[in-house]
Amino acid sequence: MKQSTVKAVFQSLPAKLDPLAAEDVDAVYQFDLSGPEGGHYLVTVADGRCVVQEGTHPDPHVTFSMGSDDFVKIFNGELSGSAVMMSGRLRVSGVIGLAMQLKSLFPSVG
């Protein structure tokens, strides 16, 4: 099901986590979103579970910086994350391997 807001996307993430793929993962993903629905969100994956909260982490494993519109479109499969990154509208910093692992952790997203 497509989500139309940033908050709806983040609220839906815990149910979309593949617990088997997340079994040995312990990571904090920081999302810094700009634009009309901008904000800072943390997605923590540990012990086969996903916890989402608003705010920032002092030392996240991976940080994604992008516009809120692009974020929702990537989540809904309307935009390719790599295309947005190549265009410079998405910046990723931190442990790139963990960033690339997101797709396997949330296989039904995008």
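Some observations on this one:
- Remark: TYR41, TYR29 ranked as TYR41, TYR29, counting other beta-carbon atoms within 10 Å and listing the fewest first.
- Contact order normalised by residue count of the range 44-108, Cα under 8 Å, 6+ apart, percent: 34
- Correct option for semi-axes √(5λ) of the Cα gyration tensor in Å [calculated from the coordinates] among (1) 21, 16, 16; (2) 19, 15, 14; (3) 22, 18, 12: (2)
- Selection from GLY39, GLY67, SER12, by position along the positive dipole direction of the range 6-105 (Cβ): GLY67
- 222 nm mean residue ellipticity, helices alone, for the chain (DSSP H n ≥ 4; -39,500 (n - 2.57); rounded to 500): -9000 deg cm²/dmol
- Fraction of antiparallel bridges per DSSP, the chain only, in percent to nearest 5: 75
- Relative contact order of the chain, pairs being alpha-carbon contacts under 8 Å that are 6 or more residues apart, as %: 29
- Cross-link partners for LYS103 among the aspartates and glutamates, with Cα-Cα distance under 16 Å and sequence neighbours closer than 8 places in the same chain left out: ASP18, GLU23, ASP24, ASP26, GLU78.
- What you get for the range 6-105, charging only the Cβ of Lys and Arg (+1) and of Asp and Glu (-1), is a dipole of about 260 debye around the Cα centre.
- Protection proxy ranking, peptides 60-69, 15-24, 2-11, average beta carbon neighbours within 10 Å, highest first: 60-69, 2-11, 15-24
Values in this text are rule-based calculations from the coordinates and carry no lab data. Remember, it's a predicted structure, so these values are computed and weren't measured experimentally. Here the Cβ is made from the backbone with ideal geometry for all residues, glycine too, and neighbour counts use every protein chain on show.
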